[in-house]
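Readers should treat all values here as calculations from the given coordinates under stated rules, not as data from a laboratory. Remember, predicted model here, so these are calculated numbers, not experimental data. Cβ sites come from the backbone with ideal geometry, for glycine too, and all protein chains shown count toward neighbours.
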2 protein chains.
Amino acid sequence: MTQYHPLNEQEAIAIARNISGIFAAEGELSCREIGDGNLNLVFHVSQPSTGASVIVKQALPYAKVVGESWPLSLDRARIEGEALIIQDRLAPGLVPTVHQVDHDLAFTVMEDLSSHVIMRQGLIEGGVYPLFAEHISDFLAQTLFFTSDLGMSQQEKKLLSRSFVNPDLCKITEDLIFDHPYTNADTNSFDAHLQGEAERLWADAGLHLEVALLREKFLTHAQALLHGDLHTGSIFITEQSTKVIDPEFAYFGPIGFDIGAVIANLLLHYAGQEHWSADAKARAERRRYLTDTVRDIWIAFDRKFRALWQEHGTDRIAKTVGYEDDYMRRLLQDTAGFAGAKVVRRIVGLAHVADIDKIPDPAVRSKAQRMALAIGTALIKRNRQITSIEQIIEIADSVSEA
Amino acid sequence: MTQYHPLNEQEAIAIARNISGIFAAEGELSCREIGDGNLNLVFHVSQPSTGASVIVKQALPYAKVVGESWPLSLDRARIEGEALIIQDRLAPGLVPTVHQVDHDLAFTVMEDLSSHVIMRQGLIEGGVYPLFAEHISDFLAQTLFFTSDLGMSQQEKKLLSRSFVNPDLCKITEDLIFDHPYTNADTNSFDAHLQGEAERLWADAGLHLEVALLREKFLTHAQALLHGDLHTGSIFITEQSTKVIDPEFAYFGPIGFDIGAVIANLLLHYAGQEHWSADAKARAERRRYLTDTVRDIWIAFDRKFRALWQEHGTDRIAKTVGYEDDYMRRLLQDTAGFAGAKVVRRIVGLAHVADIDKIPDPAVRSKAQRMALAIGTALIKRNRQITSIEQIIEIADSVSEA
């Protein structure tokens, strides 16, 4: 048993060298630490003579966000490693391959994805990803169906859930998504010009009830093993390939939380088009691309999840007439509500997104922020009435056209 | 580490003797095994010279029901012991005191409740328990509130939930309550005169949808640490005292499942009054006593749970305007639905109740069985429309007066 300590580059090289089938026996390895240093060390270990490379990702025993630091369990490295292995089995090709998980030193050795870009950055640079809806709906349908009571033994699911009790990282979500944005919390962070908008959020009792109900689902509805943090910063992408990374927030929770995260981040980018598009025509086209993607994701997810249900449903009860339709309707409603909560927190809460925050002109940024808040709050308030993905798109379009 | 083996009476005496503060140092101990031998050995160890006594309850590694035997995890003894300790802390005086829990030998040494009777038998003998509604609503409010996200740290709840992953015993509930009664399953057991009623259950698509939704809640809604099997055979009672026993089905599940179990068993006894009451007047009075008890339990539970919420609510989100009312309405609806499912399974499923099965005259028994099925199915079908405990009582009364 090795005592935990932060790795240095020489240790990362030694760990990487030990993985079989990656590097040639001869040939030096070089290493750079490429993490942002907030939560993890990320070592990129490569062999110039062969071009081979791997990532050694090590959890740090604390989180640093906007200058603050708080302790964070190293167990999240185990959770991330075990979640990646399950996701790789259920959605092969859509997550990085894991070569090694070490619980004591809290590191994972995994496939290097340097050939991809982070999707958030790719979108900001105007990227179009024609296979993304197909890939992410595969990821969602496969990982969520086969870890739910619909797609695996209910008894094995209960045993598996013990490995994904994740209080530290769930606490971050419970506070930063379902609590702080709706009150005058110290952790909140927003431009001064949004003070009035923030105060309206803090005073909106109807909104708070819906958020409390969504939070209850996050706390109690153990539907499936979620990724738990599926924003566009957790997705590596090219035109041909999609790789979902960083499942350290994985736990058994409500399926709509993962789908909602993807849709929320597309809608945040949609609001950001106030700046990122060159003119009104380009903006309309780009927004159309984004809402088409939202629609394609839901429709493909719905089709694939239902197909898995029909083909691989665990038991006869799941085949009860009307049950599947009722379940999918509730998933869509949860998706809308969680998407709304994830949009709102990115405008007034602690952690923001570059799609909005990197807009240099305060007036344009303010317009994008207000649009995102209007979309987010409408999704939250109306989530229990949603019956079609078109209604989610209409909410975005009616706000942007207002 | 002691290897598991079934205890004999001499070993039970040695274990009991070892508990401090129960028996005088001098004075022989005597022992009888008083269990039914289906799931557990139950040793009653007493000291005739002092009148002191304790119970040594040991789990057997199998379950025997109607001649069949299947393996069952000994871990349920640990779960039962740990649940009793938590319940004793939260609802002191309402469960037997636990003196020792031994995981290897799967036994618990606990308070002897021989001065009490099993409530099911007490009711059959015409017993009236004026404090029962007060006691059981205390038990329900205290144990369920303080193990929910409303009444304990959400992070500690997640960690605690790991100790109550209970696949074997949940599987029994999932099969025998939420599956088999609604199909022509081998495990079902019912009087031949109910064949037509059973076939109607198996063909009722509207009923099946509600059962599927209830089963989903049982599988996924981890609201609080349930007793998990709270029928009147799990309650020891006198006019002055109520003791809830046998929480081996404990797990984190939907709160309404426990409340519904109590109400279901009162309503089964209500149906049984076709036989147990001497005449129509006595029957009406006895049924009035039972529905008054149902009403008193819900009203007291609702009042106490809300008072705990106001006084001990974990966080500000739970104080959101309208949230408490919405939550309590959903608890009542779940209570109705789960009560219905628990009534139905006792008529056509594997395990029955003496309140009905001990009715000697087949015609009278048939009338009671049909009444119970009508009450149970109505509760299931209407559960999502229930907004008042009076509607549950009206369902029972309208069936019995039909």
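Relative to the longest principal axis of the Cα atoms of chain A, the long axis of helix A:389-400 makes an angle of roughly 70 degrees.
Within the shell of other residues whose beta carbon sits under 13 angstrom from the beta carbon of B:Gly93, the net charge comes to -2, with Lys and Arg scored +1 and Asp and Glu -1.
Below 8 Å, C-alpha to C-alpha, sequence gap of six or more: please give me the relative contact order for the stretch A:117-400 in percent.
Values: 424 pairs, mean separation 75.9, N = 284.
Relative contact order, the stretch A:117-400: 27 percent.
With 22 Å as the limit, write out which pairs from B:Lys57/B:Lys243; B:Lys57/B:Lys158; A:Lys319/B:Lys381; B:Lys64/B:Lys381 have Cα-Cα distances beyond it, or answer none. Beyond 22 Å: B:Lys57/B:Lys158; B:Lys64/B:Lys381.
Using a 10 Å cut-off around each Cβ of peptide A:324-332, what is the average number of partner chain Cβ atoms that fall inside?
Working: counts 1, 1, 4, 3, 0, 0, 2, 0, 0.
What the average comes to for A:324-332 is 1.
The mean sequence distance of close C-alpha pairs (under 8 Å, at least 6 residues apart), as a share of the length of the stretch A:280-402, puts its relative contact order at 31 percent. Among B:Leu160, B:Leu379, B:Leu90, the largest mean-square fluctuation in a Gaussian network model of chain B (Cα springs under 10 Å) belongs to B:Leu160.
Output the peptides B:212-225, A:3-16 sorted from most to least packed, where packing is the average of other Cβ atoms within 10 Å over each peptide's residues. Before the final figure, lay out the partial values.
On the way: B:212-225: 23.4, A:3-16: 16.6.
Result, highest mean Cβ count within 10 Å first: B:212-225, A:3-16.
Counting only residues at least eight positions apart within a chain, or on another chain, the lysines with an alpha carbon under 25 Å from that of B:Lys281 are B:Lys358, B:Lys367.
Under a Cβ-Cβ cut-off of 14 Å, what is the net charge of the residues other than B:Ser46 that fall near it, where Lys and Arg count +1 and Asp and Glu count -1? Show your work: numbers first, answer last.
Values: positive: B:Arg17, B:Arg32; negative: B:Glu9, B:Glu28, B:Glu33, B:Glu111, B:Asp112.
Net of charged neighbours comes to -3.
Distance between the modelled labels on A:Ala351 and B:Glu285, one decimal in nanometres: 6.7 nm (7 Å Cα→Cβ projection). Put simply, when B:387-399, A:347-359 are sorted by average Cβ atoms within 10 angstrom per residue, most first, you get A:347-359, B:387-399.
Take each residue of peptide B:178-184, count the partner chain Cβ atoms within 10 Å of its Cβ, and average: the result is 1. Peptide B:209-220 is shielded by partner chain Cβ atoms: per residue, an average of 6 of them sit within 10 Å of its Cβ. Its DSSP H runs of at least 4 residues, each contributing -39,500 (n - 2.57), put the calculated 222 nm mean residue ellipticity of chain A at -16500 deg cm²/dmol, to the nearest 500. Between copies, B:Asp315 shows label-point distances of 3.2 nm, shortest first, with the point placed 7 angstrom from Cα along Cα to C-beta. Modelled label positions at A:Met328 and B:Gln3, each set 7 Å beyond Cα in the direction of Cβ, lie 5.6 nm from each other.
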